[in-house]
Each structure stands twice: as structure tokens, then as C-alpha cells.
């Protein structure tokens, strides 16, 4: 079993470059199914989730050539299967992103019910209801979602109950091959949605309004392969900006658009963190105490749920008390109990966390509860007294490339180590 060991109290400063966005790359990989031929994706993060999506595509019949560590050449001309296996989908919820492309290309798909981080129910009801409106019939059988289009895909207006990123993406990818016009109302507005729309339009689709609550898609007869660069990862960037706020020293974070973290940066400025915005990144540092501000997670352009744990880590060392409200995933406070082991004072009341700032953290042995919570525990270890050991770091590997090496590059005393499974952590 691998763990991350952090020795707190050392100076952390310098510059770091983030990779392509995990939450975009996975959906772009799935979208290549729609354009038979050789598609090339650049700026792809070398992380566990990308490896799983690659296995999903290979199981469907695609051929993948790793040109370099961040460039994939995906040949989908050989895709003949429309069935994704449970053992892969169970590892990662984003595997359901192949549902829309398979329906768009073959008119049918069988996808296992999804897995991934244990941060909430994240039902795919909205995916199913939206696709049903386009003419898809569903049969849920023994944990599999069997989808068919007996009369083809037909454009219509779909109003989502919630601005779901996954549902918006699946609807977009199916609708580009539907007959007529599809309108997605109350669509998700995340930058990753815009990246997917850009890819589809480069392939020959007609997608308008991405990034707004209403997306209009005119169906086309066919799509062609392209070369596309994955947008920079705003959540990885936010993690390192939060790290700068935690340690206080200047950290320059490169490789992303600061506009994609609009509300996060404004909240951090209210907390006393200085943010100097640049064309492709920011410089962040802190001189005074960490201010305590209330936050609540909401779909973009609201405060992202994927930045909640990292921000709670900051607020746990804040100068007063505040409330963190989680409106997206009901289980996302599992991180708080681990941070309490390091001395944080956090009380959970339903989907609210009442955070009382404490002067310092103490090093402890903790477990990563999920992807972002794991990264936040490593952050906490950087400023904790003594040694912190974070286990279950496979969660972190799902979304952060070379996380330990990047922290080492900033001067952190952090290392990855293997210990026996039976070790008393």
C-alpha cells in the first residue's frame, strides 16, 4: 500500500504548471467515438482515471497510441462494440460518458451503473430522462443500463431539473447526431462543457450557447476526426492556489484560465489571500491571518464542490468561525472527520459544516476519503506540527498527476512510500 508522508513546517514556494483538466479529458476521450478515424488529444493528464477511460475505449474496439505522456492518438474507426464492462465502469463514474456517443453512433448502448468516489448518490436519472426525450428506450437489468433507439434520435427541448454536468454532456453528445434541433434548458455552464462543445464543433457539429444555461444543437449526418487541446485543470490550479494561501509564501500557478476560478479567487481574496491574475495563471500569497468567510457550493459559476475540501482546510486555520454549505454531494464532508484528527474544530449539521478556526494542525495518520479530500489532507500536512501520513492515496492518483513531485518542486518535504498492507497506519 502506498502512502504520502509529509514533514510539516518547511518553506513552500515557487512555480507549478497544472495539467489538462481531468473532468474535460475524460469526456473528450468518450466523444472521439462519434468521429470514426484518428483523433488526437493533447494536454491530456497522465492520471489513473484517464487510464481507465482508455481501457473502456479499447474494450469497445478503439486503438490508442500514446504519442507522448500528454498526447493520445485515438483511432475509433475500429469501434464495433457498444457494451462497457462493469469492472471498468465501477472504478470511475465518468465512464457513463460513453452512453451519449454510443447512442449517437450506433443507436444503442449497454453501460454498467457507475462507480467512482463515494461522495454521494449522484443518480443518473437526469441522463436517462433527457435521453428518453430524444427517443431513447431504457431497460435497467441486473445493474446494466440497456439503451436503444427504435425510431432513431430526434431533436427536442429538454429541461434539466438540475444543471448536471454529466447529463448535459451526454445529451450534447447524443444530440449532435439526432435529427433536427435539440435545446438543453438549464444546462451546466462549466468550462469543461465549453471545451466539449468546442471539440464537437471542430468535428463538424453545430453546438451553440455552451457556457450559458441554454444550449442549442443542430444534428448533423456525420462527424470527422480532429486534433484538440484539453483545457487547463482549474481544480488542480485551485488546489495549488489554496496551498499558497495555507503556507503564505508566493506560489505561481500556470497553465489555466483564471476566469475559470472566478468565485474561488474572489472568496480567497476575502480570506486575505493576495491574487495576481495573469494571462495563463495566477501568483498567490498571503501576508496576514486567514480570514473566515462562509462558502456554499453550487454549479458553475458558483463555488465548485471540487474546491470545498481544500477551502475547508484553509478555513480550519481561520481567524474566527464560518459555515461551509455543501449543496451538490451529500457525502462530501467525510474529509472533515480526518482533518479533525489533525486538530481541526469542525461540527457537521446536515449539509452544513461549522468551522471554528484553530491556531495550528498537528501531524497525524489519516486516510484519504476521496480525490479532493485526499489532496486537502496532504495540504494540511505541509503546515502541521510533525509528521503526517496519508493513506488510501489511490484516490489522489485518480485526479492529480505527479502531485508529490510537484509539491517537492515547491520545496515541500513530502514523499511517497510503500508500506505493507498490514502496517498499523
Practice task
Go through the residues of the range 224-238 one by one and say whether even a single one is out of contact with any strand residue (DSSP E or B) (no Cβ under 9 Å at 6 or more places or on another chain) and either crowded, with 19+ Cβ neighbours inside 10 Å or without any contact (Cβ under 8 Å) to a residue 24 or more places away in the chain (or both).
Solution key: yes
Completion exercise
Screening 187, 244 for residues that are under 23 Å from the mean Cα position of the chain (by Cα) and within 23 Å of residue 127 (Cα to Cα) leaves only 187
Practice task
For the range 288-314, name all the residues that are over 16 Å from the mean Cα position of the chain (by Cα) and in a strand (DSSP E or B).
Solution key: 295, 296
Fill in the blank from the handout: For strands (runs of 3 or more DSSP E) lying entirely in the range 1-105, having 2 or more residues that are under 30 Å from residue 361 (Cα atoms) picks out 2-7, 14-17
Exercise for the section: State whether one or more residues within the range 394-409 are closer than 17 Å to residue 314 by Cα, under 21 Å from the mean Cα position of the chain (by Cα) and free of Cβ contacts under 8 Å to residues at least 60 places away in the same chain. Expected result: no
Problem - Residues satisfying the stated conditions in the range 56-94, i.e. within 27 Å of residue 175 (Cβ to Cβ), at pLDDT 95 or above and under 21 Å from the mean Cα position of the chain (by Cα) - result: 57, 72
Fill in the blank from the handout: Going through the range 237-271 in order, the residues found to be in contact with a helix residue (DSSP H, G or I) (Cβ under 8 Å, 6 or more places away or on another chain) and on the phi > 0 side of the Ramachandran plot are 255
Exercise for the section: Sort out which residues of the range 34-51 are within 20 Å of residue 260 (Cα to Cα) and buried (at least 23 other Cβ atoms within 10 Å of the Cβ), and write them in order of number. Expected result: 44, 45
Exercise for the section: Of the numbered conditions (1) in a strand (DSSP E or B); (2) crowded, with 21+ Cβ neighbours inside 10 Å, residue 285 fails exactly one; give the number of that condition. Expected result: (2)
Fill in the blank from the handout: The condition of being surrounded by 16 or more Cβ atoms within 10 Å (Cβ to Cβ), in contact with a strand residue (DSSP E or B) (Cβ under 9 Å, 6 or more places away or on another chain) and free of Cβ contacts under 8 Å to residues at least 60 places away in the same chain holds, among 109, 31, only for 109
Practice task
Only residues in the range 264-276 that are touching a residue at least 12 places away in the same chain (Cβ under 8 Å) count as the first member; pair them with residues that are surrounded by fewer than 18 Cβ atoms within 10 Å (Cβ to Cβ) and assigned to a helix (DSSP H, G or I), Cβ under 7 angstrom, at least 6 apart or cross-chain, and list the lot.
Solution key: 275/269
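Out of all the residues in the range 271-281, is one or more out of contact with any strand residue (DSSP E or B) (no Cβ under 7 Å at 6 or more places or on another chain), farther than 22 Å from residue 190 by Cα and in a loop (DSSP other than H, G, I, E, B)?
Checked against the condition, which is being out of contact with any strand residue (DSSP E or B) (no Cβ under 7 Å at 6 or more places or on another chain), farther than 22 Å from residue 190 by Cα and in a loop (DSSP other than H, G, I, E, B), the range 271-281 yields at least one hit.
The values are calculated or read from the model by the stated rules, or taken from the named source; none is laboratory data. For clarity, every value in this text was computed on a predicted model and none was experimentally measured. Cβ: placed from backbone, ideal geometry, glycine included. Neighbour counts: every protein chain shown.
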